[in-house]
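Mind having a look at this structure? Questions to follow.
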Amino acid sequence: MHRDWPQVKALFDACLDAAPAARARLLGDDTTVPPAVRAEVEALLAAHAQPAPLDGGAAAWGAPLFAAGIDDVDDPPERIGPYRLVRELGRGGMGVVWLARRDEQGFEQRVALKRVRGGLDGAEARARFRRERGILARLAHDRIARLLDGGVDADGRPWFALEYVEGEPIDRWCDARALPLRARVRLFLDVLDGVAWAHRNLVVHRDLKPANVLVDGDGRVKLLDFGIAKLLEDDDASATATGMLLMTPTYAAPEQVRGEAVSTATDVYALGVLLFELATGLLPYRTPSSTRQAFAQAVLEQEAERPARALQRAGVDAPALAAARGTTPAGLRAALDADFAQILSIALAKAPEQRHASVDALAADLRAWLERRPLLSRPTPRWRRLAQFVRRHRVGFAASTLLLATALAGIGATLWQARIATRNAQTAQAVREFTTGLFAAVDPDQARGRDVSLREVLDLGARRAETGLADQPAVRGALLSDLGAIYTSLGDDARSVVLLEQARDALLARPDRDDDELARAWLRLAEAQFEDGRYDAATTSADAALRLLAAHAPTDPLRIEGELRRVRIDEETDHLDAAGERVERVVAALRADARATPASLSDALATLGNLRRLQARGEEALAAHEEALALARRVDPDDPIVASRLHELAAAEAAVAQPQQAIAHLREAHVLHRRVHGERHPLTLSTEGELAFALANSAQYDESDALFERNIAARRAVFGTDHVEVATPLSNHGVSLYTRHRYAEAARSFGEAWRIWRTAYGPEHSSTRSALTGYGASLFESGDAATAEPLLRQAYEMSRRLDPPRNQESATNTLALLLERTQRLDEAERLLRANVALQAEANHGDVRVYPWTTTLLGRVLRERGDLAGAREQLERCFIAFDTDDYPDGPRTATCLVQLALVREAQHEAATQVRPLLERALTTQEAKLGRDDAETVATRALLARLPLAR
Amino acid sequence: MAQTDLTELLNRAQGGDASAREAAFAQIYADLKRIAAAELRRNPGATLNTTALVHEAYAKLAAHHAGALASRAHFFSLAARAMRQILVDQARSRLADKRGGREAHTGLDGAHEIADRRAEELLLVDEALDRLAEHDERAAKVVEWHFFGGFTFGEIAAELDLSERTVRSDWALARAVLARELGLGDAVLAGSGAGLRNA
């Protein structure tokens, strides 16, 4: 309050009703009013101008304070029901508890009489109250304080008389006696005893907390208020409101916080919290604030912290907590071992069905822990934690993250199987330590705000698997095998091969060899080697797997996987006939076996379709892919595999030059992904990118450009700017821009893609190479031939080293283009001839697949004066362009113009020339623009055509 | 408990009897609280009306206590102070519950968060009012009577023998002081966008 209060008050008063101008005059300046006074008055006037909540009166303002009623117990009644009140025992949210007495036939009964705040409304609520009370009154067990009596007093407030227990809340009782952890757990088993008994009588406590678990002077546990929370529900509809009003949030299970159905699992959860608190003196969640909202949020969203780690929270007096448990902080942390943490993590699971199936199961685990036996409950699925972590942080994680999470789920299963198989405590321990350590790094707490990428976790896990577990070859082998498969799906084939070779060796070294596990490792190795382009090694690996699986039925899924892998290797090494025989055999076996799953047949047919596409047996390819798609739809129309099948079908359609069908199927896959996964899911984004590319290939540039831009932006947001997932659409968009002579933009797109891929995969990689080709070509077309030539030569050499024949087409063509335009026609012709021959062989002479190479060769031949040779090539690609389903694009126009020039040079009639040029000009004007150099040139050719005659 | 007649207590307090004043306060406090509690039981979740509560207490006084009341102002004063005390006690007990942690309520709709915040604000108002009283007792009294006691400016002006305009301007100033002390611009007024935009 200001020193010059009278002056402040007078000035405020004067200003209050004054008009703004008058007010300014009154407030004056430093010479008339002291600055401090003026500032004070101005601040008060500002405060005055705001609506203050004080205007409605104190009671209205304070209304939230009275939401749960008001205590008017300053003069308690002498009696409630037949009981005489002796003294107050305590009060809280629920109401007031008195010690009360009833004298009956010479003996005095002492009870804890609880009168509840707030009333029970309606006859129905009261009837229900009486009914429930009757059930509870029959709940007689040593460990449960009996409900003796109850009623509704004159004011309509319910009351209960409970067996009076002279005891202390269990947590304080334990602390007062500095009870060690194991003794606390033994005492806790008594609590479980009582709760289990009530559950068997179909009564759920609903509000278990230390205040309701008393221990008397003799160390006997008594549970209070069993089922009282339910008793107070008015009816089912208002169960949430009333239940939650009375519920203590600290011990409330997620389903209670959400107001969902309560079950015995709800008590298991509360017992988990209680056990956590007894063990550590702390609650299982680390909340930023102590508000109820924050706690409720934590209950819904946070995983319970590991008890040993909770002791390391900031502000926790670990020495005091440890002392209350008769030990040191280090001793307590050690006692809170992995098994103990696991028991708590199961009891505190968010989903009721993931918790211990019963209180007895929880007790059994605790007994096992006390006796240092392996636990009976399933091990905590750590991967599920990981999956939840990923869900919470989805944006910012890579597409591969999802693959990773899925694959890690597999690891969880592997470890679990290893545990079952060995039933060996030492193995179990090794596995547990491994997983715990592996996933510790994912734990947001331990990461201390650093953005730990799953890749880091994976790398950590792989290193640990490589160096550790030497005495557990079975576990080590299975684990390395799973990890290797993950690296393959991440595209790190070299790393994957290293891990899988170790996996294979570890599994081979086992005396009690598990052939299936070994075969799986061989197959995964084959896949990694295949992806790495090491086809011979891949063949050896796949054959090794198939030998191990020879005894299996021909339709055994693992064996099918092996056969199909072998087919793909044969395809890639151009052993198409062998591949065909094998895949036909697989399909026939699957068709003959009634037990074979439609999913397996769908896989096999997709592989067959792919082969037929490579064999240029387009109609058969389409049929196989269509059947594969239909089967996948039958299994589950919403499964992402359906979208994959749509993709494959689209590829087959594109191959037989049915771009519109391909686009339609990609659209359908896109819709499916969006519906199942959402707009920004990696699979959605992948399909979107393909659709954009397909549209670009079909010269539907407006839609394609928009889709590319959206796709690139979304991928940057989801994966991060430098992620490889961003490079693919950048590169594809680059192709589209390049085709339309937008070279500067194309160079930017390709350059960015090149940088990303080079960083991620290194320079010697086919993706890096393809972006380099585009970048060099765009630079060249922008006029920088000097920089472009070495880049394009590098790309050409690399492509010959790295790529299968079909993929060598573009690097060769771009280099040839540069040579052509710098007047080195000999070398250009040589390259293009070789390329046409290569593509003809690879595509079985189907010129529709490589018309651009043919066009370029035709042009170079024409420029060299070989009109006949040029004409042969250009007529061929003219037919190809003309008979496919694609609308005319800039390259079609090039072919048309070149053919027109050849025909003209061979003195054909203008009627053979003009339509070609007109058609080319139309296309060029539409796709390249009226001012593009090629458009202008074509227009000029047309203009001089009659003169040439 | 046999109660001394409230009118008599009030009259004795008016004459300067401090213990009578205490006893009268205790009776009014208990009466108001009972009235409020009964109202809330009848009508859970209802918003209490200060004026109605105090007037009901006064009506009860008039009905049950035959003797003439020497000063209505005295009753006003005690009733307003009792309302203030009831609210402050309720806020303290709420915050004590919260600190105690164990027995506290919970809720999903944020009602309890609001109540917690309101409890804290109420204690701030209480303290700010004490500070205001040191500088400007009359303005503080106007707040107590109007805000806590629910009396109209006219009633207050009449009882204190002031012009209504003076009472109103005292209220305006005190209200501005309290609003500012509470930092209402940030917290309590968060829902009233209009005021914030003008500030």
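Going residue by residue through region A:78-86, is there one that turns out to be at pLDDT 80 or above, within 7 Å of chain B (Cβ to nearest Cβ), surrounded by 20 or more Cβ atoms within 10 Å (Cβ to Cβ) and in contact with a Lys or Arg (Cβ under 6 Å, 6 or more places away or on another chain)?
No, because not a single residue in region A:78-86 is at pLDDT 80 or above, within 7 Å of chain B (Cβ to nearest Cβ), surrounded by 20 or more Cβ atoms within 10 Å (Cβ to Cβ) and in contact with a Lys or Arg (Cβ under 6 Å, 6 or more places away or on another chain).
Let me ask something else. Filter region A:636-655 down to the residues that are more than 19 Å from A:Gln700 (Cα to Cα), open to solvent by 10 Å² or more (accessible area, probe 1.4 Å) and among the hydrophobic types (A, V, I, L, M, F, W, C) and list them by number.
Result: A:Ile641, single match.
Which of the residues that make up region A:714-737 are of a type outside the set (A, V, I, L, M, F, W, C) and open to solvent by less than 30 Å² (accessible area, probe 1.4 Å)?
Result: A:Arg715, A:Gly720, A:Pro729, A:Ser731, A:His733, A:Gly734, A:Ser736.
Show me the helices (runs of 4 or more DSSP H) found entirely inside region A:513-625 where at least 3 residues are among the hydrophobic types (A, V, I, L, M, F, W, C) and open to solvent by 40 Å² or more (accessible area, probe 1.4 Å).
A:576-592
Here's a follow-up. When the residues of region A:294-319 are narrowed to those that are free of Cβ contacts under 8 Å to residues at least 24 places away in the same chain and more than 29 Å from B:Asp116 (Cα to Cα), which ends up surrounded by the most Cβ atoms within 10 Å (Cβ to Cβ)?
It comes out as A:Ala318.
Return the residues of region B:102-138 that are assigned to a loop (DSSP other than H, G, I, E, B), modelled with pLDDT under 85 and within 7 Å of chain A (Cβ to nearest Cβ); say none if nothing qualifies. First the steps, then the outcome.
Keep residues of region B:102-138 that are assigned to a loop (DSSP other than H, G, I, E, B), which gives B:102-110, B:136.
From the residues that got through so far, the ones that are modelled with pLDDT under 85 too are B:102-110.
Matches in region B:102-138: B:Arg102, B:Glu103, B:Ala104, B:His105, B:Thr106, B:Gly107, B:Leu108, B:Gly110.
Exactly one condition in (1) touching a helix residue (DSSP H, G or I) at 6+ places or on another chain (Cβ under 7 Å); (2) charged (D, E, K, R); (3) surrounded by fewer than 18 Cβ atoms within 10 Å (Cβ to Cβ) is not met by A:Glu809; state its number.
Against the list (1) touching a helix residue (DSSP H, G or I) at 6+ places or on another chain (Cβ under 7 Å); (2) charged (D, E, K, R); (3) surrounded by fewer than 18 Cβ atoms within 10 Å (Cβ to Cβ), A:Glu809 comes up short only on (3).
Okay, moving on. Go through region A:340-357 residue by residue and tally those that are in a loop (DSSP other than H, G, I, E, B) and either surrounded by fewer than 17 Cβ atoms within 10 Å (Cβ to Cβ) or in contact with a strand residue (DSSP E or B) (Cβ under 9 Å, 6 or more places away or on another chain) (or both). Step through it out loud before you land on a result.
Of the residues in region A:340-357, the ones in a loop (DSSP other than H, G, I, E, B) are A:348-351, A:355-357.
If we keep only those that are either surrounded by fewer than 17 Cβ atoms within 10 Å (Cβ to Cβ) or in contact with a strand residue (DSSP E or B) (Cβ under 9 Å, 6 or more places away or on another chain) (or both) as well, we get A:351, A:357.
Residues meeting the conditions: 2.
Still on this structure, I have one more. Would you call A:Ala795 modelled with pLDDT of 90 or more and in a helix (DSSP H, G or I)?
Here the answer is yes, as A:Ala795 does meet what is asked.
Quick one: which residue in A:Val215, A:Val185 is over 18 Å from A:Ile343 (Cα atoms), open to solvent by less than 10 Å² (accessible area, probe 1.4 Å), more than 14 Å from every other protein chain (Cβ to nearest Cβ) and not in a loop (DSSP other than H, G, I, E, B)? I'd like the intermediate steps shown before the answer.
Details: A:Val185 fails: over 18 Å from A:Ile343 (Cα atoms).
Unique residue meeting the criteria: A:Val215.
Among the residues of region A:803-810, are any modelled with pLDDT of 85 or more, in a helix (DSSP H, G or I), over 23 Å from A:Asp570 (Cα atoms) and not hydrophobic (A, V, I, L, M, F, W, C)?
Yes: one or more hits.
Within region A:812-858, can you find the residues that are surrounded by fewer than 18 Cβ atoms within 10 Å (Cβ to Cβ) and in a loop (DSSP other than H, G, I, E, B)?
A:Thr822, A:Gln823, A:Arg824, A:His844, A:Gly845, A:Asp846, listed by residue number.
For region A:184-200, indicate whether the set of residues that are within 25 Å of A:Val96 (Cα to Cα) and modelled with pLDDT under 75 is non-empty.
Looking for residues that are within 25 Å of A:Val96 (Cα to Cα) and modelled with pLDDT under 75, one finds none in region A:184-200, hence no.
To keep it simple, each residue is scored yes or no on (1) within 13 Å of chain B (Cβ to nearest Cβ); (2) at pLDDT 65 or above.
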residue: A:Leu224; (1), (2): yes, yes
residue: A:Gly227; (1), (2): no, yes
residue: A:Thr242; (1), (2): yes, no
residue: A:Glu255; (1), (2): yes, yes
residue: A:Asp267; (1), (2): no, yes
residue: A:Arg313; (1), (2): no, yes
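Only helices (runs of 4 or more DSSP H) wholly contained in region A:270-329 count here; list those with 2 or more residues that are within 23 Å of A:Cys174 (Cβ to Cβ).
Result: A:307-310, A:318-323.
Could you tell me which residue of region B:156-189 is nearest to B:Phe75 (Cα to Cα), considering only residues that are more than 10 Å from every other protein chain (Cβ to nearest Cβ) and at pLDDT 85 or above?
Looking at the filtered set, the residue picked out is B:Ile156.
Which ones in region A:10-27 are away from every other protein chain (no Cβ under 14 Å) and exposed (fewer than 12 other Cβ atoms within 10 Å of the Cβ)?
Across region A:10-27, the qualifying residues are A:Ala19, A:Ala21.
How about region B:1-65: which helices (runs of 4 or more DSSP H) wholly inside it have at least 2 residues that are facing chain A (nearest Cβ under 10 Å), at pLDDT 75 or above and within 14 Å of B:Leu78 (Cβ to Cβ)? Steps first, answer last, please.
On the way: elements: B:6-14, B:18-42, B:50-64.
Once the helices (runs of 4 or more DSSP H) in region B:1-65 are filtered for at least 2 residues that are facing chain A (nearest Cβ under 10 Å), at pLDDT 75 or above and within 14 Å of B:Leu78 (Cβ to Cβ), what remains is B:18-42, B:50-64.
Next question, about the same structure. Tell me which residues, restricted to region A:790-806, are basic (Lys, Arg) and either touching an Asp or Glu at 6+ places or on another chain (Cβ under 6 Å) or open to solvent by less than 80 Å² (accessible area, probe 1.4 Å) (or both).
A:Arg793, A:Arg806
The values are calculated or read from the model by the stated rules, or taken from the named source; none is laboratory data. What you are looking at is a predicted structure, and each value in this text was computed from that prediction instead of being measured. Please note: Cβ atoms are built from the backbone with ideal geometry, for glycine as well, and neighbour counts cover all protein chains shown. The protein model used for the area step is the full one, side chains on, heavy atoms only, and it has no ligands, DNA or RNA in it. Shrake-Rupley method; radii C 1.70, N 1.55, O 1.52, S 1.80 Å.
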